[in-house]
Amino acid sequence: MSEIANSAAPLPKKKKKKSFQRIFNSDNFQGYLFMIPTLIGLPLFCIYPLVTSLYCAFCDWDGINAPVWKGIKNFRWILVKDPVFKQSLVRTLEYALINVPIMLILGLALAVLLSKKVRGIKIFRVLYYLPTIIPGVATLVLWQFMFKSDVGLLNGLLRQIGLQPVGWLTDEKVVLFSLSIIRWWTVGGAMMVFLSGLQSVPGDLYEAADLDGAGGWQKFRHITIPVISPILSLQLITGLIGGLQAFNEASIMTGGGPNNASRFINYDIYLTAFNSSKYGRACAEAWILFIIIAILTVIVFKSTDAYVYYENE
Amino acid sequence: MTTSMKAAERRNVIIRYILILIFAIPMLMPVLWMLTTALKDNAAVFKTPPQWIPESFQWVNFKTAIESSAFFKRFGNTLFIAALCICGSVFSNMCVGYALARFHFKGRKLWFYLIIASMMIPGMVTVVPMFRFWTAIGAYGTWLPMIIPAWLAAPFNTYLTKQFLSTIPRSYDEAARIDGANNLMILMRVIAPLSKPLIAYMTIATFQGVWNDYMNPLLYVISKPDKWTLSLAIARLGSGTYGIEWNIYMAADILYFMPILIIFFFFQDYFMEGLGAMTASGVK
């Protein structure tokens, strides 16, 4: 390279311009030029906070003074002494692990129900999807009203048929169930994903099964499920990750109550950081959540992998 | 044989309709209840048994709701943030997606994997350091923490854009390059027009994201009521020092999600089929 540069010495000016242009037009230069948003964004919004929060997880940090290294003190406190963290963890896992399978089954059932092209089906699809369009905050406000013990519709209907009213958001045994109802109400999103999955199943598979005399359930079990299994597995993972990060429900509807029964981990982290100003401890909690999510994702991934059918393999 | 099969088919369709209608009731009931409540007077809210059709329609509730939530102010705030986020998101992701799809620069694979990996980090892990960061540079109490990230290529949209742009044949670029176009011109005149479904999807998804976002406004502008977004204003309406009446609250809630509903009816396919609609109408 340098030899070529030397041999071109008699025409330095022209060569210089040419090589500048060559560098400017190279894939390396142009590539990094167009990458600028990510070159700033990824280190700033991802790598920097990740490293900082990992470091601060081992520190005492009030957010005003510099973090002070304390080793595993935060983790020991959270896992041994913290009176609410373990409960938060159990409640969050309960909430996510119960709801995810229910959402899958309900979503798939509704998708099958609405998959047949009968008259007016499009209107019904829109109708079932409607609760999903309503912004999360609006949905929670609406259900807060539905669950109200005095003026809420649910208790109103219960009273009308002569049953005892339920403390939907005030009874610690019921509150997770109540919050689950809101999730089930927005099953339309999962339903639409399954619906497009169902439509991608090749029709000739069903025809072949018809010739073999297969019944409706057999076709569903041995054709539909295997073909849409990649979608099922992805929905399972995203549902789990989303459920473990529930925040708005606790923040808007229950304040984590009653008696911390709906204090999801994410909300607990939020309170630790922004109410108690224990930023170091909050970072440690967030990392524990991160690790739990990662482990669960790997478990789900590995355990469903054997059953997931990929067409190209 | 054929008539009995037809009869069975008919019966199946009827059963299907009945099931569809049964499941439609719980889907629709809360929204209808919200609507009737928003139109009742305050005394009717407390009536038992629940009253489905208001005796008199109190349209004034919506006016009260607008006044008590400073609706137009917050509506404008949210719209402003959404507009900037949409511009930023489309601009930055088109650039980065173009780089990843077209240039063979050193480290391209590494950056792409980093982008994918960064999608898996739970939001809460980065919240505390980012909060301290924005506070340290004096951006607490402004909308910058909500807007700037959109201009710096959010990972999911980047990934989507890269995948979409990879499906556009390179021969289009080459033709434009022979005509003397540079990379920026190719991106704006050739790639962007072919990416309309992608841009439409990103626009709608970003709008929806800003409209629904609750945690960021809660973190950064909670202390500045004149900077509140609609989502924050609506969520806080119930927890004010004075209790708000439920009929007014429901009216405000309806006003809040109305824009999303209107957009939904215009761009139904992008909502209902999401990414599916994008690939279906994309370049083949």
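Residues of the stretch A:38-69 with amide nitrogen under 19 Å from the 7 Å Cα-to-Cβ point of A:I292? It comes to A:54, A:57-58, nothing else. Principal-axis analysis of the Cα atoms of chain B puts helix B:2-39 at an angle of about 80° to the longest axis.
Taking a straight Cα-Cα cut-off under 19 Å and skipping sequence neighbours fewer than 8 places away in the same chain, the aspartates and glutamates within cross-link reach of A:K70 are A:D60, A:D62, A:D82, A:E285. Spin-label model, A:T238/B:M258: points 7 Å from Cα along the beta carbon direction are separated by 3.1 nm. What net charge do the residues around A:P165 carry, taking every other residue with its C-beta under 9 Å from that of A:P165, with Lys and Arg at +1 and Asp and Glu at -1? For residues surrounding A:P165, the net value is 0.
Here the label points at A:R22 and B:D226, each 7 Å from Cα along the C-beta direction, are separated by 6.0 nm in the simple model. Assuming charge only on the beta carbon of Lys and Arg (+1) and of Asp and Glu (-1), the dipole of chain B about its Cα centre is about 740 debye to the nearest 20. Panel order for B:Y256, B:Y214, by other beta carbons found within 10 Å of each beta carbon, from fewest to most: B:Y214, B:Y256.
Calculate the FRET efficiency for B:R177 and B:N42 from the Cβ-Cβ distance with a Förster distance of 56 Å, rounded to the nearest 0.05. Working from the Cβ atoms, E equals 0.25.
Helix B:196-212 and the longest principal axis of the Cα set of chain B meet at an angle near 50°.
Helical runs assigned H by DSSP (4 residues or longer) give chain A a calculated mean residue ellipticity at 222 nm of -20000 deg cm²/dmol, each run adding -39500 (n - 2.57) before division by the residue total.
Charge tally for B:Y113 (other residues, Cβ to Cβ under 15 Å; Lys, Arg +1; Asp, Glu -1): +4.
Under the criterion of Cα pairs below 8 Å and six or more residues apart, the relative contact order for the stretch B:2-58 equals 27 percent. When the Cα positions of B:M215, B:A200, B:I248 are compared along the charge dipole of the stretch B:172-267, B:M215 comes out farthest toward the positive end, with charges on each C-beta of Lys, Arg, Asp and Glu. Think of the stretch B:63-280 as a dipole: +1 on every Lys or Arg Cβ, -1 on every Asp or Glu Cβ, centred on the Cα centre; then among B:I147, B:N183, B:F271, B:N183 lies furthest on the positive end. Summarising the overall dimensions of the protein assembly as shown from its C-alpha atoms, the Rg and Dmax are 27.3, 102 angstrom. May I have the pair-distance distribution P(r) for the stretch B:24-161, computed from all Cα-Cα distances with 10 Å bins from 0 and rounded to whole percent? Reading the bins upward from 0: 9, 22, 22, 19, 18, 8, 2, 0. Helical content of chain B, expressed as a calculated mean residue ellipticity at 222 nm, amounts to -22500 deg cm²/dmol (DSSP H runs of 4 or more residues, -39,500 (n - 2.57) each, divided by residue number, nearest 500).
Computed about the Cα centre, the dipole magnitude for chain A is approximately 1120 debye when only Lys and Arg (+1) and Asp and Glu (-1) carry charge, each at its Cβ. The 3J(HN,Hα) values that the Karplus relation (6.51, -1.76, 1.60; θ = phi - 60°) gives for the stretch B:146-158 are, in residue order, 8, 8, 3, x, 5, 7, 10, 6, 5, x, 4, 5, 4 Hz. Gly and Pro appear as x.
Remark: the B:I18-B:F265 segment gains 86.3 nm on full extension, using 0.36 nm per residue and subtracting the alpha carbon distance.
What does the net charge come to around A:P67 if you take all other residues with beta carbon closer than 13 Å to its beta carbon, with K and R at +1 and D and E at -1? Overall, the nearby charge balance is +3. Long hydrophobic helices in chain A: the complete DSSP H runs spanning 30 Å or more by Cα along their own axis with mean Kyte-Doolittle hydropathy of at least 0.5 are A:85-113, A:279-305. Working from label points 7 Å from Cα in the Cα-to-Cβ sense, the B:A117 to B:I25 distance is 5.3 nm.
Ordered by the number of other Cβ atoms lying within 10 Å of each residue's own Cβ, fewest first, B:H104, A:H222 fall into the sequence B:H104, A:H222. With contacts defined as alpha carbon pairs under 8 Å and 6 or more residues apart, what's the relative contact order of the stretch A:142-204 in percent? This gives 19 percent for the stretch A:142-204. Checked against a 31 Å cut-off, the cross-linked pairs A:K86/B:K227; B:K63/B:K196; A:K173/B:K47; A:K73/A:K173; B:K73/B:K162 give Cα-Cα distances beyond that limit for A:K86/B:K227; B:K63/B:K196; A:K73/A:K173; B:K73/B:K162. Taken over chain B, the convex hull of the Cα atoms encloses 225 Å³ per residue. Using C-alpha pairs below 8 Å separated by at least 6 residues, the relative contact order for chain B is 30 percent. Compute a Gaussian network model of chain A, connecting alpha carbons closer than 10 Å, and tell me which residue from A:L153, A:L232, A:L271 fluctuates the most. Maximum fluctuation in the GNM of chain A, among the listed residues, is at A:L153.
Amide H to amide H, which residues 5 or more places from A:C59 or on other chains are under 5 Å from it, using H placed in the peptide plane? Residues meeting the criterion, in which the H sits 1.01 Å from N, are A:K70.
Laboratory data are not the source of any read-out in this text; all were calculated from the coordinates shown. Being a predicted model, the structure only gives us computed values, none of them experimental. Heads up, the Cβs are rebuilt from the backbone with ideal geometry, glycines too, and the neighbour counts pull from every protein chain shown.
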